[in-house]
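Below: the structure, in structure tokens.
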Amino acid sequence: MKSIFITGGGRGIGLAIGQKFARKGWFVGLYDLDETMCQERLAAAPFDGTGVAGFIDVTDSDSVTAALADFASRSGGRLDVLVNNAGVLSVGDFAQTAPAQIANVIGVNVQGLTTVSQRAFPYLCDTPDATVINLCSASSVHGIPWLSVYSASKFYVDGLTQALNIEWATHDIHVTCLKPPAINTEMGHRLEPRHKARMPIDMEVEQVAEAAFAAVIHRRPHHLLGRRVRLWYVLEGLLPARWARRLTCYLVGA
């Protein structure tokens with residue numbers, strides 16, 4: 001049975017991805033800071049107790065190592081798909097953002113994703129035709145004001161994805177990322193009103209889950225989700241820098 005390991009699997013996008021793969025007959029590992037929530041999700045449909053749920057703190061390398069070992073012991077050593085979904089958001093003026101908030105975003109979105117990927121590498125290597133799916137963001141198309149640290153963290157995710165897509169190809173590991181707009185989740189609704197004025201929240205977690213499943217089949221370096229994001233990405237590449245900046249200012253109400 002093919003297997004998938006998901007960080008931040010207790011709710012939102014991570015849970016929706018787990019549910020999608022479970023319906024397709026995969027062995028699903030839901031790992032999160034809230035292990036109890038994951039256990040409760042696993043007991044319900046479509047999992048019906050099949051799979052594994054556990055604790056992971058992606059900022060703690062020992063926790064990451066233990067979670068991956070626990071998963072592998074239940075999946076027969078297979079790790080067909082790794083989903084780096086765990087992430088946090090910081091919104092507001094950069095100059096007034098508390099150092100602890102900045103450190104948290106970097107610790108989870110950058111260092112956490114990096115640690116999980118590196119510690120998962122041996123399991124991915126031992127599984128033919130493995131895939132890594134990193135949750136990136138439309139905010140990696142252009143740096144977003146009042147979302148600066150989060151946006152920068154997603155540029156890192158995009159860069160690491162591109163590098164590993166090449167580096168790990170020799171190990172039969174495909175690395176890709178999803179770039180959705182704001183999603184109808186608790187995190188998505190924390191964005192400022194000016195962010196959502198011209199880029200409204202009109203995508204559901206189930207749509208991201210569909211894209212994640214498709215990403216295992218259609219092997220592209222990245223997957224832009226939604227018509228607006230795809231158009232923005234194309235224009236960003238075509239327009240001169242000052243006009244690309246103006247477009248971003250327009251989109252985020254700057």
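The values are calculated or read from the model by the stated rules, or taken from the named source; none is laboratory data. Owing to the predicted nature of the structure, the values given are computational and were not obtained by experimental measurement. Cβ placement follows ideal geometry from the backbone for every residue including glycine, while neighbour counts extend to all protein chains displayed.
Evaluated against (1) assigned to a helix (DSSP H, G or I); (2) surrounded by fewer than 15 Cβ atoms within 10 Å (Cβ to Cβ), ARG220 falls short on exactly one condition, (1). For region 41-73, taking the residues that are among the β-branched types (Val, Ile, Thr), in contact with a Lys or Arg (Cβ under 7 Å, 6 or more places away or on another chain) and under 30 Å from ALA100 (Cβ atoms), the one that is surrounded by the most Cβ atoms within 10 Å (Cβ to Cβ) is identified as VAL64.
The test for being in contact with a Leu (Cβ under 8 Å, 6 or more places away or on another chain), in contact (Cβ under 8 Å) with a residue 24 or more places away in the chain and surrounded by 18 or more Cβ atoms within 10 Å (Cβ to Cβ) holds for VAL116. Note on region 31-69: residues that are closer than 23 Å to ILE173 by Cβ and either aliphatic (A, V, I, L, M) or in contact (Cβ under 8 Å) with a residue 40 or more places away in the chain (or both) total 11. The criterion of being in a loop (DSSP other than H, G, I, E, B) and within 13 Å of the chain's Cα centre (by Cα) holds for PRO181.
The single residue among ASN104, ASN109 that is polar (S, T, N, Q) and either surrounded by 18 or more Cβ atoms within 10 Å (Cβ to Cβ) or at positive phi (or both) turns out to be ASN109. If you go through region 194-215 and keep only what is free of Cβ contacts under 8 Å to residues at least 40 places away in the same chain and farther than 19 Å from GLY87 by Cα, you end up with LYS196, PRO200, ASP202, ALA214.
If you filter region 43-78 down to residues that are part of a loop (DSSP other than H, G, I, E, B), over 14 Å from ILE6 (Cα atoms) and small (Gly, Ala, Ser), you find that the one that is modelled with the lowest pLDDT is GLY49.
All of (1) over 22 Å from GLY9 (Cβ atoms); (2) loosely packed, with under 15 Cβ neighbours inside 10 Å; (3) touching a residue at least 40 places away in the same chain (Cβ under 8 Å) hold for ARG227 with one exception: (3). Is it the case that GLU186 is surrounded by fewer than 20 Cβ atoms within 10 Å (Cβ to Cβ), part of a helix (DSSP H, G or I) and either touching a residue at least 12 places away in the same chain (Cβ under 8 Å) or in contact with a Phe, Trp or Tyr (Cβ under 7 Å, 6 or more places away or on another chain) (or both)? In short, no.
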